[in-house]
Amino acid sequence: MISNFEEAINQLIFQGYGILDNWLPEGLLSDLENSLVSRLEADYFHKAQIGNGSDQQRIGSVRGDEIFWLNENLAVPAEKEFLSIIGQFTDYLNVTCFAGIKSFEFHYAVYQSGTRYARHKDQFRSDDSRKYSMVFYLNRNWKAGDGGELMIYTQEDVKIEPVFGRLVFFKSELEHEVLLSNFERKSITGWLKDLAPVEVIG
Ligand code: OGA
Ligand code: NI
């Protein structure tokens, strides 16, 4: 995995974002896709919100995805392996770039046809602990016209097709947008944070 890690870091350093195909093994991606679909069918997903804490709102026209948060304790083997690779990547970032990442959080996301996520930043007004955003796409048959591309607004506007096996990695302070999706758009999205995980007691 180390060469993959370095490629992601190089792209991030030189352009503020990285686009990496096949960063994770194909077999693991397939297993994650299957787990996502089973959890969706079992009704584990809920409508995503915008904002945080008491600021949270659900406005479907702004953010239309449904999500399921990955949880180490309830994870199936593919999810455990995924979280373990993210942990290794985080350790690598901390050692090689002094990134200061102390925790991470990931969810599955599904955008049903007709939904989008308007232009936004992933850092909240009251909490900038999200440092890096990572999105893994799980859409095998994506084709032009299906929509759901990710736009990243940096020096230039970058449009990224959400195709199977692709990872997009960017600084969470960048503005970005999910264009209107005309299909069931599946991904795993998450954040590397500089805040220690909250201890759950009792
Ligand atoms: C998000 C987001 C991008 C994508 O969930 O905050 O911007 O391509 N996702 O799914
Ligand atoms: Ni976002």
Only unsatisfied item for residue 138, checking (1) without any contact (Cβ under 8 Å) to a residue 12 or more places away in the chain; (2) within 19 Å of residue 29 (Cβ to Cβ), is (1)
Restricted to segment 168-187 and to residues being more than 9 Å from ligand 1 (Cβ to nearest atom) and outside any loop (DSSP other than H, G, I, E, B), the residue nearest to residue 113 (Cα to Cα) is 181
The condition of being within 15 Å of ligand 2 (Cβ to nearest atom), closer than 22 Å to residue 10 by Cβ and acidic (Asp, Glu) holds, among 177, 173, 105, 149, only for 173
Within segment 152-164, residues more than 14 Å from the chain's Cα centre (by Cα) and in a strand (DSSP E or B) come out as 153, 157, 158, 159
Hey, any hits in segment 88-107 for a residue that's farther than 18 Å from residue 162 by Cβ, among the basic types (Lys, Arg) and modelled with pLDDT under 95?
no
Picked from segment 91-114 (must be hydroxyl-bearing (Ser, Thr, Tyr) and surrounded by fewer than 20 Cβ atoms within 10 Å (Cβ to Cβ)), the residue farthest from residue 41 (Cα to Cα) is 96
Restricting attention to segment 111-135, the residues that are more than 14 Å from ligand 2 (Cβ to nearest atom) and in a strand (DSSP E or B) number exactly 1
Residue count, segment 188-202, condition of a type in the set (A, V, I, L, M, F, W, C), farther than 19 Å from residue 20 by Cβ and assigned to a strand (DSSP E or B), comes to 0
Of the residues in segment 6-19 that are buried (at least 18 other Cβ atoms within 10 Å of the Cβ) and out of contact with any Gly (no Cβ under 7 Å at 6 or more places or on another chain), the one that is modelled with the lowest pLDDT is 9
Per the filter on segment 14-34, residues in a helix (DSSP H, G or I) and without any contact (Cβ under 8 Å) to a residue 60 or more places away in the chain are 14, 27, 28, 30, 31, 34
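The values are calculated or read from the model by the stated rules, or taken from the named source; none is laboratory data. Keep in mind it's a predicted model, so treat the numbers as computed, not measured. Here Cβ is always computed from backbone atoms with ideal geometry, including for glycine, and neighbour counts include all displayed protein chains.
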